[in-house]
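Here's the structure we're looking at; comments come further down.
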Amino acid sequence: MALTPLKPKVGTLAPRLKRYAPGDEAERSRYRDDTQPWRKWYKTARWQKLRMSVLVRDLFTCQMCGRIEPNTSQLVADHKTPHRGSEYLFWKDANIQCVCRVCHDSEKQRQERTATF
């Protein structure tokens, strides 16, 4: 007696996120700029001024790990509560904190993925 394979009951799901090849950050960034209109706010002089005022206010100190970082390219002006396109939350300086890039790209991202706002 030969065994016959069963037909799958569930089809494959389409990917929810577009996959990019490693090193294709420029294309990923263009895609995000096209699909998330608030990303243009990060490219304004107003944002740069707000970012620097937050870094100075927090004394260039990561609010998560306490590390003092004199190299501002290694610091992120991070939204405590994700703005998700809310103009009010985006520009509210009390909602922004200084975080080192290491904390922002690891622990903070993990928190945001698991939290419900």
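Data overview
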| quantity | calculated |
| --- | --- |
| Index of the failed condition, residue 38 passing every other in (1) in a loop (DSSP other than H, G, I, E, B); (2) surrounded by 10 or more Cβ atoms within 10 Å (Cβ to Cβ); (3) modelled with pLDDT under 90 | (1) |
| Condition check for residue 29: assigned to a helix (DSSP H, G or I), at pLDDT 90 or above and small (Gly, Ala, Ser) | no |
| Checklist (1) in a helix (DSSP H, G or I); (2) at pLDDT 95 or above applied to residue 63, failing item | (1) |
| Residue 110 loosely packed, with under 14 Cβ neighbours inside 10 Å and out of contact with any Gly (no Cβ under 6 Å at 6 or more places or on another chain) | yes |
| Subset of the stretch 65-90 [hydrophobic (A, V, I, L, M, F, W, C) and loosely packed, with under 15 Cβ neighbours inside 10 Å] | 65, 68 |
| Hits in the stretch 44-62 - residues which are surrounded by fewer than 15 Cβ atoms within 10 Å (Cβ to Cβ), among the polar types (S, T, N, Q) and more than 22 Å from residue 33 (Cβ to Cβ) | 53 |
| Residue match in the stretch 80-97 (condition: of a type in the set (D, E, K, R), in a helix (DSSP H, G or I) and either modelled with pLDDT under 95 or more than 17 Å from the chain's Cα centre (by Cα) (or both)) | yes |
| The one condition in (1) modelled with pLDDT of 95 or more; (2) outside any helix (DSSP H, G or I); (3) closer than 16 Å to residue 103 by Cα that residue 55 fails to fulfil | (2) |
| Verdict on residue 57 being basic (Lys, Arg) and in contact (Cβ under 8 Å) with a residue 40 or more places away in the chain | yes |
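The values are calculated or read from the model by the stated rules, or taken from the named source; none is laboratory data. Computed from a predicted structure; not experimentally measured. Because the Cβ atoms are built from the backbone with ideal geometry, glycine has one as well, and the counts that use them run over all protein chains shown.
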